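The structure appears below as structure tokens.
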Amino acid sequence: MKLKTLSLVLIAIFALGSCKKKNTPQKEDFYFTYQVRIKKNIVEPTIISGFYGKVLKYEGDFMPSPGVEPREPEVARNEILVYTADFKEKIEATAYQEDGITFYNLKKLKKENVAPKYIVKPNKSGFYQMDLGAGEYCFLIRLKKNRAYINGGVQTITTVAGELKEQQMRIDYKASF
């Protein structure tokens with residue numbers, strides 16, 4: 001019995017002694033990107049706090065005309081990149097203009113070690129939802145691997161716990177209204 005106790009004590013001392021602080025990750029090393037996929041049958045929010053809506057793609061002429069049925073936008077499944085608001089200046093620094101439209105260079109963001117906190121992938125009907133908790137966030141919509149867009153430019157949006165908001169995401173740089 002004493003031999004078992006002694007061996008357990010020695011194993012515990014060895015385990016504690018082998019942990020060195022320089023080998024353990026520091027607080028700033030713990031930044032994860034959560035990838036969220038919305039199930040295909042969800043079309044209404046199942047959360048009680050955060051944002052929900054659809055990602056819609058507008059291309060072409062959406063000018064209202066008498067006697068003509070209004071066009072409906074297409075459903076888009078582009079990823080929504082959610083960044084904490086402390087990255088807003090770095091995101092804005094990667095902005096570039098092309099034909100008067102502002103896009104964001106995701107490759108430059110990656111080089112600056114700016115990663116989204118969440119990547120939300122809408123379902124087939126374009127529906128998304130995200131429960132972010134209380135905080136300040138910025139959103140981008142990924143168009144291509146290294147290119148993003150957001151209607152109106154990067155803005156800081158404050159979320160409040162217990163508050164649910166509908167937010168339609170629009171890809172409308174190829175449309176006229």
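Read-outs: derived from the displayed coordinates by stated rules, not from any lab. Please read these numbers as outputs of a predicted model, since none were measured by experiment. When we count neighbours, we look across all protein chains shown, and the Cβ atoms used for this are built from the backbone with ideal geometry, even at glycine.
For segment 25-176, the dipole from Cβ point charges (+1 on Lys and Arg, -1 on Asp and Glu) about the Cα centre works out to 700 debye, to the nearest 20. For a Förster distance of 35 Å, can you work out the FRET efficiency between the beta-carbons of ILE48 and SER7, rounded to the nearest 0.05? About 0.10, to the nearest 0.05. Stretching the chain fully between SER125 and LYS110 yields a gain of 2.4 nm (0.36 nm per residue, less the alpha carbon separation).
The H on the amide N of VAL36, modeled in the peptide plane, is under 5 Å from the matching H of ILE119, VAL120, LYS121, each at least 5 residues off or on a different chain. Close amide H partners of ARG147, meaning residues 5 or more places away or on another chain with modelled amide H under 5 Å apart, are LEU106. Looking at segment 25-176, the DSSP beta bridges with both ends there are about 65 percent antiparallel. The separation of segment 150-177 from segment 41-74, counted between C-alpha centres, amounts to 12 Å.
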